[in-house]
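What follows draws every value from the coordinates through simple rules; no lab data is involved. Because the structure is a prediction, the values reported are computed rather than measured. So basically every Cβ, Gly included, is an ideal-geometry build from the backbone, and we count neighbours across all protein chains shown.
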Amino acid sequence: MPPQLPDARRLALLHALGVQQVWLRRAELDADTLTRLLPTLPGAARGVPQHAASPGEPAPQPPRAARPDARTPPTSVPVCAPTPRQQGPGAGLAATAAGAAARGAGEPSAARLQRIAELDLDQLAEFSRACRACKLGAQRRHAVPGVGHPRARVMVVGEAPGAEEDQRGEPFVGAAGRLLDNMLRAIGLARDAADAEQAVYIANVIKCRPPGNRNPEPDEIAQCAPILRRQIELVQPRLLLALGRFAAQALTGSSEPIGRLRQRVLQHAGIPLVVSYHPAYLLRMPEDKAKSWADLCLAMDTLDKP
């Protein structure tokens, strides 16, 4: 069988993201094919080095000063078995909420938890818009519950609404939202797709914008975590994609930095979880777009497994 070469759709996304390097698995290409293919790939004409890495080889560690070249994604994908706190329905969010409560935050009342557990997606949206359980409820312009297909295969989880999301009441809008939409389209997904197979559901960990885009406080995390947990239970996605450090830590219950959580298949409530950078971060740090593309490829490979 001939080797499977990168398809045009994926190469087009690399161009759109401004990525000028392409990585190929040496195991998938014989020497003749590799020699023939490399000069045709993006960046070859401009002298950009092309890397062919064998699965299992350690990625080269470039000098710290060579930031633009330190973008090679891992050549093998370690699979992280769920730890005890990742097991069970909503374990990551439960650990995050419990940690917030342990730091002195207001824990959700039993009545609030019971009420949330009885709501469907539309009712959760109305509940979020009416919520005043923490101080953000009085400071926001609009709550941002979530958007997308109610039975989507993929659920994208962001951090907290920003200024534009607060204005419109929808997650991932503005420049960061456009970048996310382009990335999703490149892997055959869309937030407005009518077919659940191509659809995504998008939500944030926190449903209201923290003033000045500050980090959410413990009581805000504790009150919002049950809402996201219920959204995941209702959508029942086949894959969770956590974008940004706060979303990754909330879903895993881990305090590890995003660099240690990405490129691993984690678990949340029995659902495969892939972690990547937030699109707003990628707009500030475009050199990390290659890493984000590697994460999307891992997500799709995971999703395609039987």
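May I ask for the net charge around residue 160, where only other residues with Cβ less than 10 Å from the Cβ of residue 160 are counted and Lys, Arg are +1 while Asp, Glu are -1?
Numbers: positive: 207, 209, 214; negative: 159, 165, 166, 220.
Local charge sum for residue 160: -1.
Once the other residues with Cβ under 12 Å from the Cβ of residue 174 are scored (Lys, Arg +1; Asp, Glu -1), what is the net sum?
Around residue 174, the surrounding residues sum to -3.
Using the reciprocal of the averaged 1/r over all distinct C-alpha pairs, how large is the Kirkwood radius of region 267-306 in Å?
Working: mean 1/r = 0.0899 Å⁻¹.
Kirkwood hydrodynamic radius for region 267-306: 11.1 Å.
Could you derive backbone 3J(HN,Hα) for region 164-172 from the dihedral phi with the Karplus parameters 6.51, -1.76 and 1.60 (θ = phi - 60°), listing whole Hz in sequence and x where the residue is Gly or Pro?
Values per residue, Gly and Pro as x: 5, 5, 5, 5, 9, x, 9, x, 6 Hz.
Which distance in Å, rounded to a whole number, links the C-alpha centroids of region 117-131 and region 174-218?
That distance is 19 Å.
Considering only 215, 187, 117, whose Cα is most displaced toward the positive end of the charge dipole of region 86-304, charges sitting on Cβ of Lys, Arg (+1) and Asp, Glu (-1)?
Highest projection toward the positive end goes to 215.
With the calculation restricted to Cα positions, what are the radius of gyration and Dmax of region 171-306 in angstrom?
Answer for region 171-306, Rg first and Dmax second: 14.4, 44 Å.
With θ taken as phi - 60° and the coefficients 6.51, -1.76 and 1.60, list the Karplus ³J(HN,Hα) couplings across region 228-233 in order, rounded to whole Hz; mark glycine and proline as x.
With coefficients 6.51, -1.76 and 1.60, one gets 5, 4, 5, 4, 5, 4 Hz.
May I ask you to evaluate 6.51 cos²θ - 1.76 cosθ + 1.60, the Karplus curve with θ = phi - 60°, for each residue of region 290-298 and list the ³J(HN,Hα) values in order in whole Hz, giving x for glycine and proline?
Using θ = phi - 60°, the values come out as 4, 5, 5, 4, 4, 5, 5, 5, 4 Hz.
Just want the ordering: 127, 172, 246, from fewest to most Cβ atoms lying within 10 Å of their own Cβ. Let's see the in-between values first.
Working: 127 18, 172 27, 246 22.
Least to most surrounded, the residues fall as 127, 246, 172.
Quick one: net charge of residue 237's neighbours, Cβ under 14 Å, K/R +1, D/E -1?
On the way: positive: 151, 153, 191, 229, 230, 238; negative: 197, 233.
Surrounding charge for residue 237 is +4.
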